[in-house]
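For reference, the structure discussed in these notes is given below.
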Amino acid sequence: MQFALMIYHSPEEFAIRKNDYNDPHLGAWRAYYKALVEAGVYVGANALEVPETGTTVRLREGKRTVQDGPFAETKEQLAGFIILELPSVDAALEWAARCPGASISAVEVRPLAPEAMRRGFTG
Amino acid sequence: MNGSIQEDTHRTVERVARESYGRLVAYLSSHTRDVASAEDALSNALLAALTAWPRNGVPQNPEAWLLTTARHSLIDLMRHQQVALASEPTLLLLGEDSTEMILSPEFPDERLKLLFVCAHPAIDPAMHTPLMLQTVLGLDAVRIAHAFLVSPKTMGQRLVRSKTKIRDGGIQFEVPQERELAQRLDAVLEAIYAAFGIGWDDMAGVDQRGRDLAEEAIWLGRVLLELMPGEAEVRGLLALMLHCEARRPARRGPDGRFVPLLEQDSRQWSQPMIEEAEQHLAQAPSRGRTGRFQLEAAIQSVHAERARSGRTEWAAIALFYEQLIRISPTLGTRTGYAAAVGEANGPEAGLAALDGIDPDDVSAYQPYWAVRAHLLQRLGKTAEAAAAFDRAIGLAEDPAVRQFLLQRRG
């Protein structure tokens, strides 16, 4: 089964991260990445730019609306995601607890949609 | 004034609930095997106490009051559910004599049977500890879910499923016969120790939840000792938990920094707890082979010696680990052995012991990588040590441990 670990940050944490790549947690993230790869559970991952760089597009009755900023106006925003291949949600929660994001802010664990459904999207 | 009486009553209910919960659930469910209904009935009784006791005063025997009320509620519940009609005569019988029985010293304490039911081989081993925490101590599913890193909804469902299995799966409320006692008792001890381990890992001193769970486990250990005073391994487990718990104040610096065992200030260890642990170890009757928990407690006892002698007898620790590996060759035991050998005979010997472990087994086992990194660093193998440190850092859950290792890695 594949799971997404979605890492959420507060504006303060985004500010620290943006600061010339002097993220104080960089060492922890790097080590976590290595542990995931060595354990053979890593599928993919990426970090996102700060939420202010987002632009949200909608089409309503043929009319476009374009909005500055992220889709949801919540304090904590998606900062990155990791996809893991694991036997169970229990194992996914264990990896989420080890994720530096869990002690910095929060990590949401969600299974990817079943493979048949994903294949339906990609054809 | 009224408010303070209510507060007092609230506290009394909480205290009685804590002390009597397991006794009452065990007693109420031992005939019907229906743990879930017994718990429902008891929570109804506790709710009723919160209204009745401030009004009428706390009854002379609160436990008997709760049992009587819970028993009525249980009969109602069962009639309502229209199930388990066959057990109704038992329930009625239970009802007639319960008050007298609970007042007399002969009131049977069925908690031992309940502990064996929770750790029954037919129950998923992963659920042994959660079941005990809930049925014997009355912890709610949400708190258990936090501790076990499971979603509260899932934990609730798993608890319900396990209790259904107890009720419908023919699991008997009984203390196992002599020939299977050792094995069955081991499952009970294992489950209690698992609760302690979770409390122990859960960031000492920072997270109140973790601290509580270690205390709950020690409480369970004491209950078990009260019920089985003659079992050496029960004393071994209690000694082990007390030895570890004694060091809690020393595990973190004033700034929350992680302090490894060897660097702990032994003056901060709790001497009364160490003494109690030593007494249990000394009292553990040695019949035949020394059990796993006695050996683990003996290892902790050697560490505790440092408070007196100022040094750690690593050779003795390695010897105890050797015996432990023969009984229980777990990853934890083998890693502990390698660490002890590394201190007693030098880092090469420690690494050789680590190399004997199958690499596939340790890909997500943090302590292995922490010990490996430490040994490689002592040998001056900087690059290899850094790689091992990374694994240990990446697998660490506790931010204080992560920080400590990042600093050591350099």
Exercise for the section: Kindly check whether there is at least one residue in segment A:9-25 that is among the aliphatic types (A, V, I, L, M), in contact with an Asp or Glu (Cβ under 8 Å, 6 or more places away or on another chain) and assigned to a loop (DSSP other than H, G, I, E, B). Expected result: no
Exercise for the section: Assess whether B:F320 counts as being at negative phi, touching a strand residue (DSSP E or B) at 6+ places or on another chain (Cβ under 9 Å) and among the aromatic types (F, W, Y). Expected result: no
Fill in the blank from the handout: Scanning segment B:306-322 for residues that are crowded, with 16+ Cβ neighbours inside 10 Å and in a helix (DSSP H, G or I) gives B:R306, B:A307, B:W314, B:A316, B:I317, B:A318, B:L319, B:F320, B:Y321
Practice task
Evaluate segment B:54-61: report whether one residue or more is aliphatic (A, V, I, L, M), surrounded by 21 or more Cβ atoms within 10 Å (Cβ to Cβ) and more than 19 Å from B:L220 (Cα to Cα).
Solution key: no
Practice task
Would you check if there is a residue in segment A:67-90 being away from every other protein chain (no Cβ under 14 Å), of a type in the set (D, E, K, R) and not in a loop (DSSP other than H, G, I, E, B)?
Solution key: yes
Completion exercise
Scanning segment B:362-400 for residues that are among the β-branched types (V, I, T) and within 14 Å of chain A (Cβ to nearest Cβ), the one farthest from the chain's Cα centre (by Cα) turns out to be B:I393
Completion exercise
(1) loosely packed, with under 14 Cβ neighbours inside 10 Å; (2) at pLDDT below 95; (3) out of contact with any Pro (no Cβ under 7 Å at 6 or more places or on another chain) all hold for A:D90 apart from (1)
Exercise for the section: Within segment A:38-62, count every residue that is of a type in the set (G, A, S), assigned to a strand (DSSP E or B) and either in contact with a His (Cβ under 8 Å, 6 or more places away or on another chain) or under 21 Å from A:A72 (Cα atoms) (or both). Expected result: 1
Problem - Selected residue (criterion: surrounded by the most Cβ atoms within 10 Å (Cβ to Cβ)) from residues of segment B:354-410 that are part of a helix (DSSP H, G or I) and of a type in the set (S, T, N, Q) - result: B:Q366
Handout entry: Members of segment B:352-361 that are more than 12 Å from chain A (Cβ to nearest Cβ) and touching a helix residue (DSSP H, G or I) at 6+ places or on another chain (Cβ under 7 Å)
Key = B:A353, B:L354, B:I357
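The values are calculated or read from the model by the stated rules, or taken from the named source; none is laboratory data. The model shown is predicted, which means the values in this text are computed figures rather than measured ones. Backbone-built Cβ (ideal geometry, glycine too); neighbour counts: all protein chains shown.
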